[in-house]
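The values are calculated or read from the model by the stated rules, or taken from the named source; none is laboratory data. Just so it is clear, the model here is predicted, and its values are computed rather than measured. Positions of Cβ are backbone-derived with ideal geometry, glycine not excepted, and every protein chain shown enters the neighbour counts. Keep in mind that these areas ignore ligands, DNA and RNA; they rest on the heavy atoms of the full protein, side chains included. Shrake-Rupley method; radii C 1.70, N 1.55, O 1.52, S 1.80 Å.
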Amino acid sequence: MTVRVLLADDQDMVREGFCVLLGAQPGIEVAGEAADGHEAVAKVAELAPDVVLMDVRMPGMDGLEATRRISATTRVIVLTTFDLDEYVYGALRAGAAGFLLKKASAGALAEAVRVVAAGEALLAPSVTRRLIAEFTRLGGPRAPRRERLGRLTGRETEVLTLVAHGLSNAEIAARLVLAEQTVKTHVSNILAKLDLRDRTQAVVHAYETGLVRPGPEAR
């Protein structure tokens, strides 16, 4: 199946570069381009791409607002220049499925598109650290939704805690002495019970509800 991608960036050269990189990858098609958030929202409605590569800093409507408007129906990968970009946290809260550095290689770019198109979240350890740092700065939970955590079993709560600390399914399986498939099932159940779309939202939810707080275990 071909993954159709929309590129949203206000710099022509950046869009052209990504077009060349993605165009050379099997199974990926650049469906369209947008120069700002307004155009990105309009193009998503017109073209129905599978994935949007979204720059944050654009004139008019920025990438955060555009992501909020389309993330319920379209998978969004936020593009950023630095992994400590001040907008990474906001982008994840806006519904982005993950983020990618603009300096990423063609292979990394293609893999990110495929991973997100398949319904997974692109959440690198550096992003988890960024979330932790931001919650430290903000001083704790921001949303009174902790009662929803009562829907989880004890094991599911344990798995969510480890997910929020940035562990992969394989690492969680090793930590809890479980089969990796069992961990995947727990993660799927967590998302369904908490009405979350993906792993990225699960991490944000865990911190916002206070289930996980910044501390020495986080990585």
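Looking only at residues of the range 177-192 that are closer than 12 Å to Leu160 by Cα and touching a Leu at 6+ places or on another chain (Cβ under 9 Å), we find that the one that is surrounded by the fewest Cβ atoms within 10 Å (Cβ to Cβ) is Asn189. As a summary of the residue check, Glu171 satisfies the conditions (1) charged (D, E, K, R); (2) outside any helix (DSSP H, G or I); (3) more than 18 Å from the chain's Cα centre (by Cα) except for the one numbered (2). Would you confirm, using the coordinates I've provided, whether Arg114 is within 28 Å of Asp50 (Cα to Cα) and at pLDDT 85 or above? Yes. If you scan the range 65-94, which residues turn out to be at pLDDT 90 or above, within 13 Å of the chain's Cα centre (by Cα) and hydrophobic (A, V, I, L, M, F, W, C)? Listed by number, the residues that qualify are Val76, Ile77.
Would it be correct to say that Val127 is assigned to a helix (DSSP H, G or I) and either farther than 21 Å from Gly95 by Cα or at pLDDT 95 or above (or both)? Taking the combined requirement at face value, the residue does not satisfy it.
What do you reckon, is Arg4 buried (at least 16 other Cβ atoms within 10 Å of the Cβ) and farther than 23 Å from Tyr87 by Cα? Spelling it out, Arg4 is indeed buried (at least 16 other Cβ atoms within 10 Å of the Cβ) and farther than 23 Å from Tyr87 by Cα. The residues of the range 15-63 that are surrounded by 15 or more Cβ atoms within 10 Å (Cβ to Cβ) and either assigned to a strand (DSSP E or B) or hydroxyl-bearing (Ser, Thr, Tyr) (or both), listed by number, are Ile28, Val30, Ala31, Gly32, Glu33, Ala34, Val51, Val52, Leu53, Met54, Asp55. Taking the range 10-60 as the range and being under 19 Å from Lys103 (Cα atoms), in contact with a strand residue (DSSP E or B) (Cβ under 6 Å, 6 or more places away or on another chain), of a type outside the set (A, V, I, L, M) and touching a residue at least 40 places away in the same chain (Cβ under 8 Å) as the test, the residues that pass are Phe18, Asp55. Within the range 134-168, the set of residues being buried (at least 17 other Cβ atoms within 10 Å of the Cβ), assigned to a helix (DSSP H, G or I) and modelled with pLDDT under 80 comprises Glu134, Phe135.
Here are Thr80, Thr67, Thr73: which of them is of a type in the set (S, T, N, Q) and open to solvent by 40 Å² or more (accessible area, probe 1.4 Å)? Spell out the reasoning first.
Working: Thr80 fails: open to solvent by 40 Å² or more (accessible area, probe 1.4 Å); Thr67 fails: open to solvent by 40 Å² or more (accessible area, probe 1.4 Å).
Exactly one residue qualifies, and that residue is Thr73.
Looking only at the range 64-91, residues that are touching a residue at least 24 places away in the same chain (Cβ under 8 Å), part of a loop (DSSP other than H, G, I, E, B) and not small (Gly, Ala, Ser) come to 6 in all.
Under the condition of being charged (D, E, K, R) and within 20 Å of Arg57 (Cα to Cα), which residue from the range 89-120 is surrounded by the most Cβ atoms within 10 Å (Cβ to Cβ)? Looking at the filtered set, the residue picked out is Arg93.
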